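K.L.:
The structure is given below, and queries will be raised subsequently.
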């Protein structure tokens, strides 16, 4: 049984090993670069066009991306890909109510953590619409 407050590791299944895991002997280890390596790993996959598992169609533009990344950055996409919605199993999803320009900036931010703005006011308005529409968890 787990003591209260101890988090269950979803990567470990089955019985715990009997040797070396006595109560109170548990030590925790963490990596100061773990979050960065996950982010950079998604960026590399994106840049190399690898393991892209969904295409979002906005206006006449197609954006190939990773469902997992979208789901971690947006409640909208998390629900779309985890709830019982028809888009959950689709490879190509048409999104209405967004502009391709606004979404391209938001997608850039999801992967790179930066946004480059030109023609400031019109672009910011389109980004704001996209962020509001997608219920983004990221903070611009």
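K.L.:
Would you be able to tell me the number of residues in the stretch 105-134 that are in contact with a helix residue (DSSP H, G or I) (Cβ under 9 Å, 6 or more places away or on another chain), at pLDDT 80 or above and assigned to a helix (DSSP H, G or I)?
P.N.:
7
K.L.:
Based on this model, can you work out whether residue 81 counts as closer than 23 Å to residue 44 by Cα, in contact (Cβ under 8 Å) with a residue 12 or more places away in the chain, touching a strand residue (DSSP E or B) at 6+ places or on another chain (Cβ under 6 Å) and buried (at least 17 other Cβ atoms within 10 Å of the Cβ)?
P.N.:
No, not satisfied.
K.L.:
Tell me, which residue of the stretch 84-104 that is in contact (Cβ under 8 Å) with a residue 12 or more places away in the chain and assigned to a loop (DSSP other than H, G, I, E, B) is farthest from residue 50 (Cα to Cα)?
P.N.:
Ranking the candidates gives 97 first.
K.L.:
So, in the stretch 82-104, of the ones that are modelled with pLDDT under 95 and in contact with a helix residue (DSSP H, G or I) (Cβ under 6 Å, 6 or more places away or on another chain), which residue ends up nearest to residue 126 (Cα to Cα)?
P.N.:
Here the answer is 102.
The values are calculated or read from the model by the stated rules, or taken from the named source; none is laboratory data. Computed from a predicted model, the values in this text were never measured in an experiment. We place every Cβ from the backbone using ideal geometry, glycine too, and count neighbours over all the protein chains shown.
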